[in-house]
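The values are calculated or read from the model by the stated rules, or taken from the named source; none is laboratory data. Values in this document were obtained by computation on a predicted structure and should not be read as measured data. Reconstructed Cβ throughout: ideal geometry from the backbone, glycine too, with neighbour counts over all protein chains shown. Quick note on the areas: whole protein, heavy atoms, side chains included, nothing else; ligands and nucleic acids left out. Shrake-Rupley method; radii C 1.70, N 1.55, O 1.52, S 1.80 Å.
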Amino acid sequence: MTAQLIDGTAIAQKVRNEVKEKVAKRIAEGKPQPGLATVLVGDRIDSATYVSMKQKACAELGMTSFHHPLPADVSQEELEDLIRKLNADPKVHGILVQLPLPAHLDEERVLSLISIEKDVDGFSPLNLGRLAQKGREPLFVPCTPYGCIYLLKEAGVQIAGANAVVLGRSNIVGMPAALLLIKENATVTVVHSKTKDIPAVLRNADIIIAAIGRAQMVRGDWIKPGAAVIDVGINGVPVLDANGNPVINEKTGKPKQKLVGDVNFEEAKEVAGFITPVPGGVGPMTIAMLMANTLRAAEIQDK
Ligand code: NDP
């Protein structure tokens, strides 16, 4: 392996320790305990798991969390009423609406309603708009892209002047990651499903942020030697035995699955200068940055 591994688990723990210390300090000074409201609509197992991880992180770091589970058929009006109540509640410093919402709900309207000072996910059009404008600063940066940039900086990767390629242009990862890299003075190319000759675009990249949700799509020979590769992808693939057959889980009778990223790690680690693993790379950073944003929300609301 030639690449230096960027250990997201260790870096996320460092961020969490710093947040925990600052929370304890502010409570000792008599300031309010930071509070995060989580809103979960419906019973998607993945969304429920993410929300419970966020609540657990709050408890570990000395923050309060207020959970609001809503039925899958909740009306737009009821959801909007809840957001208005949370906006007005002084114990709630951050509001997180777990995405995706069921199709009958207007996600854009819901996110627009969250007060900019409590928008700890950074998805409100006001925060994203500020991220896109020169000379303006968002109050909060979306957690996953924020985590990607944090990892690059911790690894000592030079961002200013670098050619950066972001794979994916979603509102929650690709687009804000591209905007953040521009703010950090990289020259940025955004690759999406209509891009021609993706390998040729990537071969010019000093920094790659891959967020497309396509298992191991980025091959080793697409990567410029020495490049920094941040793999956001989380994809489940079957575990195969030595003959290439799926391994069956004895308990469930279903094929065993493992998580892989959007980058072929085994190939990429022989070419890249820096690389994040999956799992243990960007994933842990997302929750750590949410905790940092929630503390920041409490600090903003002290004023
Ligand atoms: P979306 O599905 O919202 O967006 C995927 C993007 O990738 C789109 O812009 C799409 O292009 C592009 N894309 C899809 N297929 C291709 C292709 N074959 N070639 C080029 N571009 C392609 O995904 P998300 O941004 O929500 O998530 C991306 C990945 O990151 C997923 O694996 C997800 O699980 C993971 N993730 C991880 C998080 C973490 O904490 N580590 C947090 C959030 C997401 P187009 O716009 O043209 O459709």
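What to note about this one:
- Some residue of segment 241-263 being under 20 Å from V157 (Cβ atoms), in a loop (DSSP other than H, G, I, E, B), within 16 Å of the ligand (Cβ to nearest atom) and in contact with a Lys or Arg (Cβ under 7 Å, 6 or more places away or on another chain): yes
- Pairs with Cβ under 7 Å, 6+ apart, first in segment 100-125 and open to solvent by 10 Å² or more (accessible area, probe 1.4 Å) and hydroxyl-bearing (S, T, Y), second modelled with pLDDT under 95 and in a helix (DSSP H, G or I): S112/P125
- N185 vs. criteria touching a residue at least 40 places away in the same chain (Cβ under 8 Å) and out of contact with any Asp or Glu (no Cβ under 8 Å at 6 or more places or on another chain): no
- The set of residues from segment 264-303 being over 28 Å from P225 (Cβ atoms) and either in contact with a strand residue (DSSP E or B) (Cβ under 6 Å, 6 or more places away or on another chain) or more than 16 Å from the ligand (Cβ to nearest atom) (or both) comprises T294, L295, R296, A297, A298, E299, I300, Q301, D302, K303.
- Test result for L96, touching a strand residue (DSSP E or B) at 6+ places or on another chain (Cβ under 8 Å), at pLDDT 95 or above and farther than 18 Å from L295 by Cβ: no
- Scanning segment 197-207 for residues that are open to solvent by 50 Å² or more (accessible area, probe 1.4 Å) and within 8 Å of the ligand (Cβ to nearest atom) turns up nothing.
- Residues in segment 159-172 that are more than 9 Å from the ligand (Cβ to nearest atom) and touching a residue at least 40 places away in the same chain (Cβ under 8 Å): I159, A162, N163, A164, V165, V166.
- Restricting segment 173-196 to residues that are open to solvent by 40 Å² or more (accessible area, probe 1.4 Å) and either among the hydroxyl-bearing types (S, T, Y) or modelled with pLDDT under 95 (or both), the residue that is nearest to the ligand (Cβ to nearest atom) is S193.
- Scan segment 208-231 for residues that are under 19 Å from L181 (Cα atoms) and either away from the ligand (no atom under 12 Å from the Cβ) or exposed (fewer than 13 other Cβ atoms within 10 Å of the Cβ) (or both) and the total you get is 7.
- Condition broken by E137, with the remaining ones in (1) more than 24 Å from A12 (Cβ to Cβ); (2) assigned to a loop (DSSP other than H, G, I, E, B) satisfied: (1)
- Being modelled with pLDDT under 95 and either closer than 28 Å to I83 by Cβ or in the same structural domain as K54 (by TED's automatic domain parsing) (or both) is not true of S170.
- Those residues of segment 14-27 which are open to solvent by less than 90 Å² (accessible area, probe 1.4 Å) and farther than 15 Å from A155 by Cα, in sequence order: R16, N17, E18, V19, V23, A24, R26, I27
- Among all positions in segment 232-244, there is at least one residue which is within 20 Å of L128 (Cβ to Cβ) and open to solvent by less than 50 Å² (accessible area, probe 1.4 Å).
- Only a single criterion out of (1) touching a residue at least 12 places away in the same chain (Cβ under 8 Å); (2) under 29 Å from I275 (Cα atoms) is not satisfied by K153, namely (1).
- Residue in segment 258-268 that is open to solvent by 40 Å² or more (accessible area, probe 1.4 Å) and more than 27 Å from A162 (Cβ to Cβ) present: yes
- Search result, residues across segment 49-80 that are closer than 24 Å to I300 by Cα, among the acidic types (D, E) and open to solvent by 50 Å² or more (accessible area, probe 1.4 Å): E60
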